[in-house]
Structure formats: C-alpha cells, structure tokens
Amino acid sequence: MKLITPTGMPDYIEAQLRYDDGRHGDGTLSATQIMKPIRVIVLAERHGADIEYPLENFVESKLGEAWHTAVTTAVKERYPDRFIVEREFSHTFDVDGVKVEVKGTPDLIRLPTVDEPQCQLIDLKSTKTYGVQKGDARDKWATQLSIYRVLLAMQPKPYYCDDYGEVTALFKDWSESWAERSKDYPQANEVTYSDIPLMPVEMGHEYIVGRLRAILRGRETQDDELPMCTPEEMWFNAKKGQFNHCRKWCAAREFCGQYPRVLTGELTMDYHGQWRS
Ligand code: SF4
C-alpha cells in the first residue's frame, strides 16, 4: 500500500501516522481480516502494492490505538497473573485439503479462578455510537471474539472460554446532551458490555472454515466476477444516500468495479436485497 501524505502535514505527525509497531500485516490471515467482504480481501491482496491510501485516514485509528495501549500497559503492570495481554494465537485450518493459517490477538484474556473456571475474552474498541445503537457493532464483536475462542480452544494446551465475551467501548463521538435526551444512547463515553454471546467452538470452527473457503474461491476469481459487497458491508447511509466505506475507507476502492457501477446507477438493489444491473 502506498500511503499518501497530504500537503502541509508536519513531519512529526507524518512519523506518528506512518509508525507501525509490527502488529500489522505479516501476510497471515487475521481474525479481523477473514470477517471482511471477500471482494475487499481479494482485491487488497491482489493489488495491495499499487493501492494508494491517504495517511490522514489513520488519525482516528491512532487515537484508538493510544487508548488501547494505555489500558493494556496498565493491566500488564498491575495484574500480571490475572490476565493474558495481547498474546497472538494461531491455528492452521484444513479447508478441503488446503492448509490455511489464521491468527488472532485478543486484547485481554481474564484467566480462570476458583469461582470462574473458564477464561473470559475481552476486547477494547474505540468506536462510534451509531453502530452500537444499531446493533451491527455488537454482532461484529461477537464474531471476532468467537474466532478467538476457536483459536484458543485449538492450542496444544487449550484455553476454554466462557460463552460470553466482554467488550469495553470508548466512544469517539459521545455527547453528554444526547445521553440526557435518550436512554438508548450510550450513557457514558466508555461503556462495558459483558454480555456478548459467543458461538460454540464447533460452530465458530465451521464459520472460520466457511470464510476461508470463500476466500480461496475468491482468489481463483477474476476481479469483476468477485462476489458483490452488500449495502451493509459498504456502510450504506440511507439518510445521505452514501456508501461510506466505499467513499472513504475501502483500501480496494481504486480497483473495484462495483462501487462506480452503483454510483452511476448501473447497479441497483432489488426488493430482495440483491444487486441488479
Ligand atoms: S469499494 Fe465498496 S463495493 Fe468495492 S470492494 Fe470496497 S466496500 Fe466493496
């Protein structure tokens, strides 16, 4: 990926936005990657070196990373025996005879105690209030934590996790006045959700293998034949009529034929939620 620096950005900010602590991109599929739309995964793999991406898009995620590091550093120091902090787990899955490795790094794993005989998976998310209110964010968290649950259960010395995971969300756009107006709105700028239901290990295993099968199939498919992204995957905002992921965030946009066809009206959504030309 070629990161494009905007004119006038100070060198020290550029240095911070370009800083990579080595946690990203060693080529193995990660838990969060396999959850992405197949079209995005395959186009990014295929055209990664030619993709241009604006550096300023990292500002939001860097803020989240800073909070994340503050929490995990403090936990590591204060409770060294109570949590596993940011340890990477991986497992090689057999997908119809093809071996594919998947890795995942849960933010925190609360270790078993006499009262709680199972581990608890915990993730830290810096996010916006909208996705959490709509419910999509919680579904994604549940899937991500379920993938971790499988990876942990597949270790030579397995860790068995509780049926419910925990996510603490830091809201980037939280507003006190909105919280006063609506009880459905998050009531604080940092909220812990301890009731994230996880898939049983067998079901999670099937989910992972299904995703990997779709990715392998996608790798054999030409760009214009790849499965279409859904409006939800494109982050469709009905009020504004915009596809926010395509418009701003999707790293594969430059090489995607679907988004331009949606913009020109060549592709439209039918009543069953299927794209039609
Ligand atoms: S630009 Fe939009 S439609 Fe194309 S791959 Fe990205 S998310 Fe999907």
Assuming Y159 fulfils every condition listed in (1) within 16 Å of the ligand (Cβ to nearest atom); (2) crowded, with 19+ Cβ neighbours inside 10 Å apart from one, which condition is it? (1)
Output for region 212-228, where each listed residue is within 23 Å of S146 (Cα to Cα) and either within 15 Å of the ligand (Cβ to nearest atom) or of a type in the set (A, V, I, L, M) (or both): L212, A214, I215, L216
When region 242-266 is examined, which residues are found to be more than 19 Å from P54 (Cβ to Cβ), outside any helix (DSSP H, G or I) and under 24 Å from the mean Cα position of the chain (by Cα)? G257
Residues in region 175-193: is at least one over 16 Å from the mean Cα position of the chain (by Cα) and under 24 Å from D115 (Cα atoms)? yes
If I filter region 232-244 for residues that are closer than 14 Å to I38 by Cα, assigned by TED's automatic domain parsing to the domain that holds G48 and either in contact with a His (Cβ under 7 Å, 6 or more places away or on another chain) or among the hydroxyl-bearing types (S, T, Y) (or both), do I get at least one hit? no
What number of residues in region 179-218 are among the hydroxyl-bearing types (S, T, Y) and either closer than 13 Å to V102 by Cα or out of contact with any strand residue (DSSP E or B) (no Cβ under 9 Å at 6 or more places or on another chain) (or both)? 3
Restricting the search to region 1-56, which residues are modelled with pLDDT of 85 or more and away from the ligand (no atom under 16 Å from the Cβ)? T28, L29, S30, A31
With criteria (1) more than 22 Å from I215 (Cβ to Cβ); (2) surrounded by fewer than 16 Cβ atoms within 10 Å (Cβ to Cβ), I109 comes up short on (2)
Unique residue being closer than 22 Å to C229 by Cα and charged (D, E, K, R) when the list is R78, R39: R39
Result of the Cβ filter at 9 Å on region 231-252, keeping first residues that are closer than 18 Å to L43 by Cβ and partners that are among the hydroxyl-bearing types (S, T, Y) and within 10 Å of the ligand (Cβ to nearest atom), at least 6 apart or interchain, is M234/Y259; F243/Y259; C246/Y259; R247/Y259; C250/Y259
Can you spot a residue in region 161-177 that is without any contact (Cβ under 8 Å) to a residue 60 or more places away in the chain, part of a loop (DSSP other than H, G, I, E, B) and among the hydroxyl-bearing types (S, T, Y)? yes
Listed by range, strands (runs of 3 or more DSSP E) wholly within region 96-152 having at least 1 residues that are touching a Gly at 6+ places or on another chain (Cβ under 8 Å) and of a type in the set (D, E, K, R) are 120-127
Do we find a residue being assigned by TED's automatic domain parsing to the domain that holds D162, touching a residue at least 12 places away in the same chain (Cβ under 8 Å), among the hydroxyl-bearing types (S, T, Y) and touching a helix residue (DSSP H, G or I) at 6+ places or on another chain (Cβ under 9 Å) anywhere in region 104-112? yes
Does region 6-20 hold any residues that are touching a residue at least 12 places away in the same chain (Cβ under 8 Å) and among the acidic types (D, E), and which are they? E14
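Residue by residue, here is whether (1) within 16 Å of the ligand (Cβ to nearest atom); (2) within 30 Å of D163 (Cα to Cα); (3) loosely packed, with under 13 Cβ neighbours inside 10 Å holds:
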residue: D184; (1), (2), (3): no, yes, yes
residue: A188; (1), (2), (3): no, yes, yes
residue: V191; (1), (2), (3): no, yes, no
residue: G210; (1), (2), (3): no, yes, yes
residue: F236; (1), (2), (3): yes, no, no
residue: G241; (1), (2), (3): yes, no, yes
residue: C250; (1), (2), (3): yes, no, no
residue: R253; (1), (2), (3): yes, no, no
residue: W275; (1), (2), (3): yes, no, no
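The values are calculated or read from the model by the stated rules, or taken from the named source; none is laboratory data. In this text the structure is predicted, and so the values were computed from the model without any measurement. All Cβ positions, even for glycine, are placed from backbone atoms using ideal geometry, and neighbour counts span all protein chains on display.
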